[in-house]
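The values are calculated or read from the model by the stated rules, or taken from the named source; none is laboratory data. Here the structure is a predicted model, which means the values were calculated and not measured. Virtual Cβ from ideal backbone geometry, glycine too; neighbours counted across all protein chains shown. Ligands, DNA and RNA are stripped out before the accessible areas are found, and what is left, the full protein with its side chains, is counted by its heavy atoms. Shrake-Rupley method; radii C 1.70, N 1.55, O 1.52, S 1.80 Å.
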Amino acid sequence: MSARSLHQLLRDKRVLVLCGAGGVGKTTTAAALGVAAARAGRRVLVLTIDPARRLAEAMGLPESGPEPTTVPPERLFADGPRGTGRLDVWMLDPRLVFDRMIHRLAPSPEAARAIVEHRVYRFLSDLVAGVQEYAATEALDGFLADERYELIVLDTPPSRHALDFLDAPGRLSRFLDERVVSLFGPESSSRGGRLWQGAQALVGRVLDGVFGAGHAREMRTFVGAFSGLFGGIRLHTERLRARLASPDAAFLLVTSPESAALREAAFFRDTLVERGLPFAGYVLNRSWAREDALAHPEALLEHVSDDPHAEHGVAALSRLAATERARAESHRTLLVRLAEQLPTGAVAVAAPDAGAELEEFGGLVRLGDALAPG
Amino acid sequence: MLEALWDRRALLVSGKGGVGKTTLSAALAVAAARSGRSVLLVEMAPDEGGPSALGALVGARDVGPKVTRVRPGLSFVRLAASEGHRRFLQDTLPLRWLAEAALRSRALRRFLEAGPALREMGLLYQMLALLRRTRPDGRFEYPLSIIDLPATGHALAIAALPRTVLALMPGGPIGRSVQEGLDFLQDPARSAVLLTSLPEPLPVSEALALASELERLELPLTAAVLNRMPEDPFTPESHAAVQRLLATHGPHQGARALARLERARAARARLAAGLQVPLLTLPELPVTGPELVERLAEVFTPRELAEPTREAAP
């Protein structure tokens with residue numbers, strides 16, 4: 001499989017979801033792919049969470065803001081004629097996404113305020129597993145309905161397992177499940193028979209015992225305030241799931257040669273396939289697999305005469321060259337083995353190790369070109 | 001340099017994802033076990049499914065919330081929120097039948113799985129229970145625990161949790177046990193936090209940010225480990241000579257490795273300057289997986305303890 005296919009993905013898809021463990025360079029890859037797609041003429045949004053500050057600077061992105069920021073065309077097309085593509089970038093603020101969702105779904109502004117101003121809510125993003133992930137899916141759902149964008153590149157929150165992103169919203173929506181909530185909700189609830197009331201009484205005793213009566217009460221008013229919003233939340237989750245399962249979407253795993261890449265890659269592929277989600281392939285990041293036809297350091301010796309330091313230096317560089325070859329070789333092997341486990345139509349692409357140069361926009365352009373040559 | 005660490009009850013290995021934190025945790029545990037200590041290696045992943053990278057590194061066949069022995073002196077456990085919840089309910093609720101009924105309730109289980117802070121709380125509680133466990137002779141069952149902290153974007157989410165929970169629910173049984181956990185984690189006589197990083201610009205920036213976050217949380221940062229430092233075959237003079245040659249005659253093979261080495265040196269200098277604690281640099285080794293764990297464990301093994309153990313072996 002060639003990098004040509006990644007170019008096709010950027011041209012044809014509506015959503016590209018980048019998954020991967022923390023520290024593999026997922027955000028950088030998402031940014032570079034977004035740049036490549038926009039330069040190829042599409043209207044692109046890169047949705048990212050917690051990018052490294054310097055990357056944000058390179059993209060011309062404020063640390064966070066209420067709306068996506070457009071990368072100035074003179075930067076996007078700095079090296080040639082201005083194309084028709086456009087690149088917007090948004091660093092997701094989970095709190096903001098959540099507030100908006102609640103305001104939209106709540107039956108009245110007062111109901112929304114009752115949630116947003118609740119003491120427990122203010123701790124929510126610190127405390128509830130999956131808030132970041134949920135906010136990402138919620139934002140994605142909103143932007144998919146937005147005509148402004150033809151392609152959305154989603155940089156998922158870092159997690160140990162690449163697919164945590166998919167499970168976290170489910171966990172959150174299970175927590176916000178109506179049946180669970182009505183158990184915890186204000187006790188006045190008249191629904192259900194004696195069995196239900198029995199369950200509610202039991203939960204009440206457990207909560208009082210576990211949290212202390214004061215906090216249990218607080219928790220109940222909070223959870224109670226959420227009732228009524230669930231229909232909307234579930235609808236979103238299901239709609240998004242359907243969209244992500246459609247051929248319009250593609251999931252890519254970003255991995256690094258250092259991490260337990262092969263094992264993780266196989267797990268990722270199997271889990272996606274199991275869930276009927278479109279697996280598009282792997283990006284092996286920071287790879288030295290690329291061949292560059294350079295001369296061996298010993299060629300430098302013809303420029304050296306009677307300089308022990310230079311001779312020592314050339315010998316040392318030769319050692320580094322040997323290390324470099326071994327590293328390149330192992331990265332190539334890894335890439336071949338990744339390619340072996342690919343289903344038809346999926347890609348395995350190596351992204352060159354760009355070193356420190358990604359601190360400027362030109363570095364993202366070069367990385368994007370290397371990943372998806374047009 | 002790491003001698004001071006072995007007397008603690010808990011070593012928390014922190015760092016952003018991708019820096020080799022899991023491998024280092026495994027290597028520390030293997031080193032401790034080799035030196036004759038009884039050590040518990042703990043995986044504190046926020047999720048419970050999927051393969052266990054840490055378990056695989058030490059050859060743990062059974063990855064679950066039960067402690068399994070993987071070799072003499074070394075046990076492994078992957079903490080599970082549900083296990084912590086079970087213990088917590090049993091320890092807290094006044095009536096045994098109430099705890100059992102609570103555990104049978106599907107709605108309550110779901111709530112505990114996703115409710116504010118309850119997952120992390122479950123992990124913390126199971127950890128505390130393991131730390132407290134004693135043998136019949138009164139000594140601790142696991143005198144030394146090495147904990148691989150989660151590799152999420154906020155590597156300190158679990159370490160920061162006690163404070164958040166306390167702000168939210170200062171009283172009640174949860175508040176009390178979380179306070180106990182916080183006291184343990186903040187006590188430099190019992191806990192030590194180890195910060196791990198890589199010799200690259202971004203990881204070093206992240207490590208420095210993490211160090212100030214640890215300080216803010218009043219957690220005892222005790223040492224830092226710089227992982228995968230590339231080999232440096234140069235003298236200062238020969239390095240300068242090569243730079244001159246390359247500047248004149250263009251790039252040759254090895255240029256990528258040289259650029260990487262130069263970045264690594266600068267990154268290490270910046271990390272050392274920015275930290276108040278000892279910095280241990282580990283070489284980059286051409287092996288991976290369990291083999292890498294064994295090699296790094298050699299670097300960590302406390303010599304003065306290793307000797308008598310070896311003599312005592314049959």
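Okay, here's what the table says:
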{"read-out": "Label point distance in nm, B:Asp183-A:His296, each placed 7 Å from Cα along Cα→Cβ", "value": "6.8 nm"}
{"read-out": "Theoretical FRET efficiency, 1/(1+(r/R0)^6), r = Cβ-Cβ of A:Arg14 and B:Ala167, R0 41 Å, to 0.05", "value": "0.45"}
{"read-out": "Where labels lie 7 Å past Cα in the beta-carbon direction, separation of A:Arg119 and B:Ala272 in nm", "value": "5.0 nm"}
{"read-out": "Number of partner chain Cβ atoms within 10 Å, mean per residue of A:281-293", "value": "1"}
{"read-out": "Segment B:Glu215-B:Ala4, length gained on full extension (0.36 nm per residue, minus Cα span)", "value": "74.0 nm"}
{"read-out": "Förster-model FRET efficiency, 35 Å R0, B:Ala247 and B:Thr288, C-beta, rounded to 0.05", "value": "0.50"}
{"read-out": "Alpha-carbon gyration tensor eigenvalues x 5, square-rooted, for the range A:1-120, Å", "value": "32, 16, 15"}
{"read-out": "Residues with amide H under 5 Å from that of A:Val283, placed H, sequence gap 5 or more", "value": "A:Leu253, A:Val254, A:Thr255, A:Val349"}
{"read-out": "Order of exposure, largest accessible area first, which applies to B:Ser14, B:Ser82, A:Ser246 with probe 1.4 Å", "value": "B:Ser82, A:Ser246, B:Ser14"}
{"read-out": "Residue-span extension gain [A:Arg148 to A:Arg239] - 0.36 nm each, minus C-alpha spacing", "value": "30.8 nm"}
{"read-out": "Unit charges on C-beta of K, R, D, E only; dipole of chain B, Debye", "value": "720 debye"}
{"read-out": "Chain B, relative contact order in percent, only Cα pairs under 8 angstrom and at least six apart counted", "value": "27 percent"}
{"read-out": "Rounded to 10°, Cα long-axis angle of helix B:303-312 versus longest principal axis of chain B", "value": "70 degrees"}
{"read-out": "A:Thr84-A:Arg104 pseudo-label distance in nm [points 7 Å out on the Cα-to-Cβ vector]", "value": "2.9 nm"}
{"read-out": "Charge dipole (chain B, unit charges on Cβ, about Cα centre) - positive-most of B:Leu258, B:Ile174, B:Thr281", "value": "B:Ile174"}
{"read-out": "Calculated from backbone phi, Karplus (6.51, -1.76, 1.60) coupling profile of the range A:67-82 in Hz, x at Gly/Pro", "value": "9, x, 9, 8, 6, x, x, 5, 7, 4, 10, 4, 9, x, x, 6"}
{"read-out": "Cβ-Cβ FRET estimate between B:Arg139 and B:Arg176, R0 fixed at 25 Å, reported to 0.05", "value": "0.45"}
{"read-out": "Averaged over A:78-87, number of beta-carbon atoms from partner chains that fall within 10 Å", "value": "0"}
{"read-out": "Shielding by partners - mean other protein chain Cβ count within 10 Å, residues of A:296-309", "value": "4"}
{"read-out": "Angle in degrees between helix B:21-34 and the longest Cα principal axis of chain B, rounded to the nearest 10", "value": "80 degrees"}
